[in-house]
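Trainee: Below you'll find the structure I mean.
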Amino acid sequence: MKNVYSSYMFILFLNWHFIFSQNSILDTILNSLPTESLEIIKNAGYYRLQLIYTQIHYLPKDSIHFKDYYFHYSDTLYNYPASMVKLPTSIIAVKKTETMNKEEVHLDTRILMDSLFCQKALIYDSLGFPQYPHLRKWIKRMLIISDNQAYTHTYDFLTCKTLHGWLKEWGFEKAKISNKFISKCINDSSYYTPTVYLLNNQNDTIFMQYQDSECKFEETSKNYSVGYTIKKRKRKKKTVKYKVAKTFIKHNDWTLHYSQQLMKYLIFDKELQKINLYSHHRDSLIKYLGSYPREYVSAISDTINYYDTWKKFFIYGGKYKRIKEDTLRSINIIGRAYGFLSETAYVVDFKNNVDFIVSASIYVNSNNIMDGKYNYELAYNLFYQISRLIYEYEKKYHQKRTNKMSYYEELFHQK
């Protein structure tokens, strides 16, 4: 009985030590924030703030150990992911081409689509070069400038069932990505995918995928209601405005934890062997995520509106038009809509031998009405400050030079 009690106390001590060590590091980092940002941390519930920080420890024989720290995180707290779903969609679209076992199917294969409900037939794609529809261009535009049209086309190429088949295999069983970003599509019309054709260089059809219907998901007890929308109705001769609770139950559900995990799987694909992409495909995805629009003018011609940090809030706060040094890269994905801002980034500094993964999500809608008036500047500033504090902490305590850093340094210096 004494041995059982001793074992119990030892396990209890380990659990206490683990929790305390988690809190002490995050508390130290977050408590160093300026007063106005510290107020947000103290009111994390009001802002629906969530934070995940992963330390990366490199062990002998190319093995990796991750240590995750969470602040105010809960799988049951719904935060609208918006464009965060573009990363799993991109990865699985690439994975689909790799597993189709057709020599002529690759990222540059021409793709045509029939019309469907509110969607026009896809024959040409004038954005970027070459001016025909293909996956490589869509993935570049999704990951570099978060293009919605490119996401819709990629989703249609995938189909909902194929997407969730891979997500489930990789451990993301509760993910729900069934909604395309087409504002003109109403009701359930955006849940269906059109017939897709893949053509070879002679314009012969080498693959045809028939129109597919939406996925079916199990009901969940998660609360999808956040904020309100304003509706209008006629009452006699007057127009009356009234509030209706906004529910995201038919929107996508991709948690911050899933985003953090998927970034691990992508960056450390060789070591973890989870998604098992071809190495050149993995490198391309990582490079797109970490690049600036001006580095891909063939796909993104507008580098004025899409400046260097247009979608980089960690480390840069989205406020620098041009980044002059290239030894620090934020390999990231963001989501921004309805007052929600989310971001996941693998931050790597080749010069100072620093790397870590960080994710955050926040809701900055002070009046709680979905009217397009959101305080994103507050969110940008907070993400910038938190990531910079983590970066300084890593630089001071966790410097390490690895082959991976050298590898990615070469990757980003390649033209």
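Trainee: Would you confirm, using the coordinates I've provided, whether Gln260 is under 22 Å from Ile362 (Cα atoms), in the same structural domain as Val364 (by TED's automatic domain parsing) and under 29 Å from the mean Cα position of the chain (by Cα)?
Mentor: Against the criterion (under 22 Å from Ile362 (Cα atoms), in the same structural domain as Val364 (by TED's automatic domain parsing) and under 29 Å from the mean Cα position of the chain (by Cα)), Gln260 qualifies.
Trainee: Within segment 116-187, considering only helices (runs of 4 or more DSSP H) that don't extend past its boundaries, which have at least 1 residues that are touching a Cys at 6+ places or on another chain (Cβ under 9 Å)?
Mentor: Ranges flagged: 160-169.
Trainee: Does Ile230 qualify as being more than 18 Å from His164 (Cβ to Cβ), surrounded by 13 or more Cβ atoms within 10 Å (Cβ to Cβ) and touching a strand residue (DSSP E or B) at 6+ places or on another chain (Cβ under 6 Å)?
Mentor: Working: more than 18 Å from His164 (Cβ to Cβ): yes; surrounded by 13 or more Cβ atoms within 10 Å (Cβ to Cβ): no; touching a strand residue (DSSP E or B) at 6+ places or on another chain (Cβ under 6 Å): yes.
Against the criterion (more than 18 Å from His164 (Cβ to Cβ), surrounded by 13 or more Cβ atoms within 10 Å (Cβ to Cβ) and touching a strand residue (DSSP E or B) at 6+ places or on another chain (Cβ under 6 Å)), Ile230 does not qualify.
Trainee: Which of the residues that make up segment 233-260 are surrounded by 15 or more Cβ atoms within 10 Å (Cβ to Cβ) and in contact with a Lys or Arg (Cβ under 9 Å, 6 or more places away or on another chain)?
Mentor: His251, Asn252, Asp253, Trp254, Thr255, Tyr258
Table: residues versus (1) within 15 Å of Leu285 (Cβ to Cβ); (2) at pLDDT below 95; (3) within 23 Å of the chain's Cα centre (by Cα).
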{"position": "Thr99", "(1), (2), (3)": "no, no, no"}
{"position": "Glu104", "(1), (2), (3)": "no, yes, no"}
{"position": "Ile111", "(1), (2), (3)": "no, no, no"}
{"position": "Leu116", "(1), (2), (3)": "no, yes, no"}
{"position": "Tyr124", "(1), (2), (3)": "no, yes, no"}
{"position": "Tyr155", "(1), (2), (3)": "no, no, yes"}
{"position": "Phe172", "(1), (2), (3)": "no, no, yes"}
{"position": "Phe181", "(1), (2), (3)": "no, yes, yes"}
{"position": "Tyr197", "(1), (2), (3)": "no, no, no"}
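Trainee: In the set Ile144, Ile111, which member is under 15 Å from Ala93 (Cα atoms), surrounded by 18 or more Cβ atoms within 10 Å (Cβ to Cβ) and touching a residue at least 60 places away in the same chain (Cβ under 8 Å)?
Mentor: Ile111
Trainee: Taking Tyr191 as meeting all but one of (1) in contact with a Phe, Trp or Tyr (Cβ under 7 Å, 6 or more places away or on another chain); (2) surrounded by fewer than 18 Cβ atoms within 10 Å (Cβ to Cβ); (3) not aliphatic (A, V, I, L, M), write down the number of the exception.
Mentor: Looking at each condition in turn, Tyr191 falls short on (1).
The values are calculated or read from the model by the stated rules, or taken from the named source; none is laboratory data. Please read these numbers as outputs of a predicted model, since none were measured by experiment. Neighbour counts run over all protein chains shown; Cβ positions are idealised from the backbone, glycine included.
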